[in-house]
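Below is one structure, written out as structure tokens; the observations come after it.
What follows draws every value from the coordinates through simple rules; no lab data is involved. These numbers come from a predicted model, not from an experiment. Glycine also receives a Cβ, built like all others from the backbone with ideal geometry; neighbour counts cover every protein chain displayed.
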Amino acid sequence: MMNSKYIFIAAATVFWMSSAWAQEPATPAMPEMDHSQMDHSDVQGRTSVAEDRMSGATKMGHGPVSESTPQVDHDMGSMDHGSMQGGSPPPDARDPHAYSGGYTLPPDRPLRMADEHNFGSLMIDRLERVRTRDNSSTVYDLQAWYGRTYDRVVLKAEGDVDDGKLQDAHTQMLWGHAISAYWDTQLGVRHDSGEEPSRTWLAFGVQGLAPYWFEMDITGYVGEHGRTALSIEAEYELLLTQKLILQPRVEANFFGKRDAERETGSGLSDLAAGVRLRYEIRRELAPYIGIERSSKFGGTADFVRAEGKQAKETRVVAGLRFWF
Amino acid sequence: MSTRRNFLTMPNLPRRRFLRGLAAGGVLMGLSPWLKPEWAHAADTATGSAPVLTGTEFDLTIAETPVNFTGTPRMATTINGSIPGPVLRWRQGDTVTLRVTNRLAVDTSIHWHGILLPFQMDGVPGISFPGIRPGETFTYRFRVVQSGTYWYHSHSGMQEQTGMYGAVIIDPPGKDPIHADREYVVQLSDWTDEHPMRVLSKLKMQSDYYNFNQPTTAEFFRDVSQDGVSAALAKRRMWNQMRMNPTDLADISAYSYTYLMNGVTPAGNWTGLFRPGEKVRLRFINSGAMTFFDVRIPGLKMTVVQADGQNVDPVTVDEIRLGVAETYDVIVTPKDDAYTIFAQSMDRTGHALGTLAVRAGMTAAVPAMDKPEPLTMGDMMGDMGGGTGGMDHSAAQGRASAAGGGTPGAAAHGGMAMDHSQHAIGGGMAMGAGTVRVRHAKSEYGPSVDMRVDTPRTNLDDPGIGLRNNGRRVLTYAELHTIGGPLDKRKAEREIELHLTGNMERYSWSFDGLEFGRSTPVHFRHGEQLRVILVNDTMMTHPMHMHGMWSELESPDGRFQVRKHTINVQPAQRVSFLVTADALGRWAWHCHLLLHMDAGMFREIVVA
Ligand SMILES: [Cu+2]
């Protein structure tokens with residue numbers, strides 16, 4: 001059984017790790033490390049791409065001309081290989097305002113480009129009918145945002161409706177702030193409703209795109225009476241064709257403390273791993289079917305079993321993903 | 001020179017034919033009941049038949065008028081009711097007066113692209129003038145100091161995307177050194193039925209929204225069966241690690257776009273007539289908002305005689321890539337009955353086309369579109385693509401080829417010949433054109449930038465993605481030489497290095513990682529000779545347009561190459577050009593991809 005302190009540290013660690021990813025200076029799995037190390041396999045990888053192109057070139061009748069080879073050699077000496085993504089500026093990085101000669105844009109400038117406009121989006125990622133062996137319910141999972149490129153208000157809501165009654169709903173209102181090319185930090189509040197009593201948490205997390213295109217959403221929570229929680233969501237999109245997309249998805253929740261009123265134990269409380277196959281009629285509109293394995297663990301599983309329900313179940317889902 | 005040839009008027013196509021174009025993805029529409037009453041008096045929008053206006057006084061009216069390019073009626077923003085707007089024919093040395101009246105409900109403007117003029121006449125709202133308010137008439141008046149093929153377009157909002165563009169032809173005083181028996185403007189553009197702002201907001205939500213050429217699992221397994229698992233994985237690893245997409249060739253594809261030639265859809269088949277054996281001058285203008293066009297006329301060689309309005313040493317080629325806002329004049333000598341002018345989009349999702357024919361109504365074979373070519377490592381990493389030290393020769397060769405080294409241009413130097421001396425010069429003296437060490441700006445290390453290139457390539461003989469080794473003779477910048485050399489023979493006193501940056505995932509574009517709203521102007525000291533270095537830290541080609549002054553492109557070894565108003569900077573490429581800061585005032589400098597500009601790849605230049 002995890003205690004709350006442990007959970008809190010775990011949350012903080014994940015948070016820190018994610019921003020480390022975001023910054024990408026030193027995490028071993030990061031691409032730039034591979035670039036700079038230039039290990040053998042990497043060179044081989046490039047060779048294979050190169051071969052592709054060579055075969056094309058040969059077909060055309062003129063071989064690849066090694067136009068820039070001498071320059072590569074030349075450059076090797078003087079060039080230190082920095083990273084291509086993320087990192088922090090070297091001490092001699094240019095001042096982007098160095099050429100301004102003291103001129104600034106007029107403060108009341110009428111010219112505003114889209115970088116100073118607000119945009120918004122509502123994405124209903126899952127609106128699905130869930131069928132298990134002995135029950136069926138409806139689940140929603142949406143995310144909306146409004147604002148600019150690097151700062152926006154984010155609304156996240158998920159929950160399930162069973163027998164026409166809202167069962168378990170988490171609604172979050174967050175401030176999303178970009179910290180690196182692919183990562184936003186999110187800070188705000190979460191409200192749990194549906195089941196009584198409701199709970200309110202402070203939320204802080206990161207959301208973004210990890211290398212290899214994994215969509216990650218990791219949030220730690222601090223509630224009243226020393227309650228803590230952590231949720232981790234990861235998604236991947238596998239394009240079978242341009243419109244047929246297979247999406248594996250994993251979601252896990254941890255709690256620092258047992259919460260008998262809401263029938264959650266401490267530690268890992270539940271884990272859902274599933275795969276959904278969607279067809280994008282349009283980018284914005286995609287029906288899907290899927291299958292998901294949902295498991296409760298520890299104290300949470302005990303609560304579920306005490307009610308005579310299964311702690312582990314397989315769900316068949318069918319739903320719609322759409323956005324504006 | 002009192003008689004001016006006026007070949008620009010479109011051939012007299014019978015009305016019937018014109019309507020056939022309409023039926024097949026039409027161009028005209030009657031007034032529909034859904035139109036608001038105030039538009040009821042508006043005439044149909046004329047397309048494919050831009051009138052030619054000559055003289056020194058011009059009246060242009062901007063209005064919203066209906067069009068139908070796809071079968072769905074839409075409102076377009078037009079100049080004098082046509083798409084493209086009228087061809088304006090000026091003469092170098094004249095002072096022209098252009099009264100532009102705004103009949104829209106929103107502000108408008110006209111920018112004279114590539115024309116040297118006082119900055120107050122440049123037509124960029126918020127930079128050079130306040131813009132033209134609804135109901136107002138703004139009078140542009142300036143002396144025309146150059147000749148050649150140019151164009152004009154709105155610089156307000158997304159009006160350029162919705163139809164507000166036209167050609168400018170300036171005749172030189174005296175005899176035109178370029179002889180032709182007849183000539184046509186071939187103005188290429190892209191049309192979307194979607195609201196352009198909606199397009200932008202979609203890209204903000206999903207930047208690959210319009211890309212239906214993404215790497216798929218099926219392809220992966222095909223590669224596995226051909227090359228084995230490790231090769232197939234390796235091919236994808238870099239891209240996936242970096243969260244980059246090798247098929248990111250255009251932000252907007254034919255999924256939304258209809259490509260137009262002189263305002264006519266491919267089905268409408270714009271036609272230019274000729275008599276066999278005549279020398280025909282085609283004035284190609286890329287007025288697309290977001291589309292690079294690769295133009296060829298199967299069966300005809302094109303002799304390029306002008307680039308961005310400036311006469312160049314003639315180069316004979318099969319194909320030309322037109323970056324957005326670029327213009328190229330070519331001479332062709334057609335002998336057969338009909339030829340297709342084929343302009344495929346860089347992402348190979350669609351094309352504009354028209355016909356050169358001896359009689360109206362003729363067509364020639366339409367070539368199949370090329371396969372889209374994925375970006376290479378060289379497009380992501382520049383010269384560094386191959387990695388370090390212990391790389392064997394074959395790998396190096398292959399990699400150089402992937403970086404775009406092996407090009408038809410290079411082949412022209414002697415086919416297979418590995419002309420090492422030449423390449424050594426090109427490579428070694430790349431240092432000549434200013435500082436070669438890349439210096440990224442501090443602001444490039446934040447969320448606005450998704451990649452940086454430390455070792456950009458400087459090769460100008462790369463025709464760019466999709467045109468390398470296609471078996472055709474494709475024009476490259478390395479082959480363009482402006483006749484007469486640079487305007488200002490001085491050496492550069494100062495260097496300005498700026499990086500073209502972006503974050504594809506967030507659909508944000510910038511210089512040095514700073515979008516326009518966070519930027520400060522670039523100050524040019526009046527009269528100074530500057531070297532501008534642009535390093536492309538993105539995987540897209542950006543057509544960079546500096547207003548008010550010429551950009552005189554240098555070769556990798558620092559010699560004058562060609563004078564342009566718009567310079568394509570390819571992925572992971574570094575270009576340098578000289579600018580004579582002789583135009584006092586405030587100027588715009590931006591990527592001419594409309595949405596890149598609007599997303600922030602825009603700077604103000606102050607010459608003072
Ligand atoms: Cu651009």
Simple spin-label model, 7 Å along Cα-to-Cβ: B:L487 to B:V224 in nm?
5.9 nm
With respect to the cross-link table entries A:K312/B:K235; B:K301/B:K491; A:K296/B:K235; B:K175/B:K489, which display a Cα-Cα separation exceeding 30 Å?
A:K312/B:K235; B:K301/B:K491; A:K296/B:K235
Most packed first (mean Cβ within 10 Å per residue), the peptides B:566-577, A:200-211 order as B:566-577, A:200-211
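Let a ≥ b ≥ c be the square roots of the eigenvalues of the Cα gyration tensor of the range B:476-608; is it rounded (a/c under 1.5), or, if not, prolate (a/b larger than b/c) or oblate?
The shape class here is oblate.
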So how do B:294-302, B:591-599, B:462-470 stack up, highest first, on mean other-Cβ count within 10 Å?
B:591-599, B:462-470, B:294-302
Cα-projected label distance for A:R109 with B:R494, points at 7 Å along beta-carbon direction, nm
1.9 nm
Taking a cut-off of 20 Å, what percent of all Cα-Cα pairs in the range B:458-528 are separated by more than that?
62 percent
Which of rounded, prolate, oblate describes the range A:197-316, given a ≥ b ≥ c as roots of the alpha-carbon gyration tensor eigenvalues and a/c under 1.5 marking rounded, otherwise prolate only if a/b is larger than b/c?
oblate
Inter-chain shielding metric for A:181-193, i.e. average beta-carbon neighbours from other chains within 10 angstrom, reads 2
Straight-line reach from B:K371: which lysines have Cα under 17 Å away, leaving out those fewer than 8 places along the same chain?
A:K59
If you wrap a convex hull around the alpha carbons of the range B:123-280, what volume per residue comes out, as a whole number of Å³?
256 Å³
Please give the average number of partner chain Cβ atoms lying within 10 Å of the Cβ of each residue in A:105-113, rounded to a whole number.
6
The range B:296-352: relative contact order from alpha carbon pairs under 8 Å, six or more residues apart, as a whole percent, is 38 percent
Under 28 Å between alpha carbons, and skipping anything fewer than 8 positions from B:K442 in its own chain: which lysines qualify?
B:K204
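Give the average, rounded to an integer, of partner chain Cβ atoms located within 10 angstrom of each Cβ in B:447-459.
Mean number of neighbouring Cβ atoms from other chains: 6.
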Given a Förster distance of 30 Å, the FRET efficiency implied by the Cβ-Cβ spacing of A:I281 and B:V366, rounded to the nearest 0.05, works out to 0.50
Report the calculated FRET efficiency for A:A234 and B:R525 (r = Cβ-Cβ distance, R0 = 56 Å), to the nearest 0.05.
0.55
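Counting alpha carbon pairs within less than 8 Å and at least 6 residues apart, what relative contact order, in whole percent, applies to the range B:209-336?
23 percent
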Qualifying lysines (Cα of each under 25 Å from Cα of B:K202; at least 8 residues distant if same chain):
A:K156, A:K243
Sticking with the crude label model, points 7 Å out along Cα→Cβ, report the distance from A:A318 to B:T216 in nm, one decimal please.
2.4 nm
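Compute the relative contact order of the range B:518-588 as a whole-number percentage, counting only Cα pairs closer than 8 Å that sit 6 or more residues apart in sequence.
44 percent
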Report the gain in length on full extension from A:D134 to A:Y212: 0.36 nm times residue separation, minus Cα-Cα distance, nm rounded to one decimal.
24.3 nm
